[in-house]
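These notes concern the structure reproduced below.
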Amino acid sequence: MKLINKTLESYFAQIICSNTLRLVRHKLSEFIRVSSRKNHQATFYFDLDDPYSTLMLPVVIEMEQVFKVSFQVVVVEPRNPEFFPEIESRERYSLIDANYLAQAWGLEFPNLIPNQKRLKPEALRLLLMDRSTTAEWLQMAVKVSDAYWHGEFPVLHKLITRGEALDPFDVASKLRENTEQLYKAGYFQGSSIHYRGEWYWSLDRLYLLRDRLHKLSAQTKKAGFYPDWGLVRVPCRPKDPVDMYFSFRSPYSYIAIARMVEHKSRYGVDRITFKPILPMVTRGLAVPRVKKLNILKDAARIAHFEEIPFGRVYDPIGDGVSACMAIFYHSDKKDYLDVVFQLMTDIWSNGQDVSSESYITSICSNFKIDKTKVLNSIKSKDYVTNIDKNLKEMTRLGLWGVPSFSKGKLTAWGQDRMPLIFERAFH
């Protein structure tokens, strides 16, 4: 029964990840839009306490000017602990990461953030107030957000005294209603844009939205905002080694590993220490189905955009993860990258059961790994000490998810920060 369930899950994942079906949905959506004579319309879910939302404001303003798209803005506050089990670590990290993003995108974000929470009631009153146009709201939001993150109460007070704010008794209910709208739409976090069936989170996914709009001939002039990681000041030296924390069950880890294989010389792979950790669910951190599906679809479109094979997935949870750990720790260090890439390719693209003895026999033969030691390791789980150590290290660095990277005093989460780690910090 377990094998049947995993096989069915694999077929379902293949459908979810199909780029052909995704493009068909795009064409159908566009046909419906044109037939109903509607303009290009997107929804931006703004979260005051999320620095990524603040960084998106000027870019959204620019997108309305560059593309034939109009935005509706919804102010939300999604803080469901089911979706963010490590929310405190995530919020601390986001303040650091926002600074790197601001530098790369040529935007502004305060280096030292005062206790701005006391300004939140006033800021929300201004942001939740209906405006006559989205352009008016965006201009107001830039002022409010800037004052909020810089702790400038007089600015907010001045705007409120003009009578441009929502009644304070209506703030909580309006915010709750908006956040529920986000959840009902099928997503779980703010700083996101929803455009005709797809979600684009933060600045990191805008390239996918821009690409989609460009293909629809919705671009009217050249866009100005693009990241340049060479502008970022980094707290490390080019020769500092890199620690990479990853999980065999993470599709984003697979994408990161695939990039490393493609750019071995540029990424200085010989200076990377690979440190696997257990999947979140194995560590007692359940991932809700809606989040799991969104992650899978997001990873699939990134992989397809970068021409990385992806889609025939066989979930390695349980025995598969144990097999991966045992194979990894009994392989030669010089082969770590190639071994991890092979395991992840077979999990995320070839749909293979990496826990089967036939598979273990095959990969051990290909990489000259002692199969007997691997099988004994799977039974004894002698690799647990290493992966526990890796997790503790990652947690001490203020990181919680994978893939994550550490280089000198520079820490980064997600495959989206590989340019920061490997292109900026290496040169």
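The values are calculated or read from the model by the stated rules, or taken from the named source; none is laboratory data. Nothing here was measured: the structure is a model prediction, and the numbers come from that model. Glycine also receives a Cβ, built like all others from the backbone with ideal geometry; neighbour counts cover every protein chain displayed.
Regarding region 278-292, can at least one residue be identified that is in contact with a strand residue (DSSP E or B) (Cβ under 9 Å, 6 or more places away or on another chain), basic (Lys, Arg) and free of Cβ contacts under 8 Å to residues at least 40 places away in the same chain? No, region 278-292 has no match at all. Could you please let me know if residue 291 is closer than 30 Å to residue 209 by Cα and among the charged types (D, E, K, R)? The answer is yes for residue 291. Taking the criterion of being among the acidic types (Asp, Glu) and part of a loop (DSSP other than H, G, I, E, B), would at least one residue in region 107-116 satisfy it? Looking for residues that are among the acidic types (Asp, Glu) and part of a loop (DSSP other than H, G, I, E, B), one finds at least one in region 107-116, hence yes. Looking across 98, 123, 102, one residue alone is surrounded by 18 or more Cβ atoms within 10 Å (Cβ to Cβ), more than 23 Å from the chain's Cα centre (by Cα) and either under 26 Å from residue 410 (Cβ atoms) or not assigned by TED's automatic domain parsing to the domain that holds residue 411 (or both). It is 123.
Residue 272: surrounded by fewer than 21 Cβ atoms within 10 Å (Cβ to Cβ), more than 27 Å from residue 378 (Cβ to Cβ) and not assigned by TED's automatic domain parsing to the domain that holds residue 188, yes or no? The answer is no for residue 272. Report, by residue number, each residue of region 154-190 that is touching a residue at least 12 places away in the same chain (Cβ under 8 Å), in a helix (DSSP H, G or I) and among the acidic types (Asp, Glu). If the condition is that a residue be touching a residue at least 12 places away in the same chain (Cβ under 8 Å), in a helix (DSSP H, G or I) and among the acidic types (Asp, Glu), then 170 is the only one that fits.
Would you confirm whether or not region 349-362 contains a residue that is in the same structural domain as residue 283 (by TED's automatic domain parsing) and within 27 Å of residue 423 (Cβ to Cβ)? Within region 349-362 (the criterion being in the same structural domain as residue 283 (by TED's automatic domain parsing) and within 27 Å of residue 423 (Cβ to Cβ)), the answer is yes, since at least one residue qualifies.
Where residues in region 396-421 are touching a residue at least 12 places away in the same chain (Cβ under 8 Å) and over 18 Å from the mean Cα position of the chain (by Cα), which of them is surrounded by the fewest Cβ atoms within 10 Å (Cβ to Cβ)?
409
Just for region 392-417: of the residues that are of a type in the set (A, V, I, L, M) and in contact with a Phe, Trp or Tyr (Cβ under 8 Å, 6 or more places away or on another chain), which one is nearest to residue 234 (Cα to Cα)? Ranking the candidates gives 412 first. Look at residue 79 and say whether it is among the charged types (D, E, K, R), surrounded by fewer than 16 Cβ atoms within 10 Å (Cβ to Cβ) and under 18 Å from the mean Cα position of the chain (by Cα). It is true that residue 79 is among the charged types (D, E, K, R), surrounded by fewer than 16 Cβ atoms within 10 Å (Cβ to Cβ) and under 18 Å from the mean Cα position of the chain (by Cα). For the structure I just gave you, tell me whether residue 365 is surrounded by fewer than 17 Cβ atoms within 10 Å (Cβ to Cβ), free of Cβ contacts under 8 Å to residues at least 12 places away in the same chain, among the hydroxyl-bearing types (Ser, Thr, Tyr) and more than 24 Å from residue 296 (Cβ to Cβ). Yes; evaluated as a whole, the condition is true for this residue.
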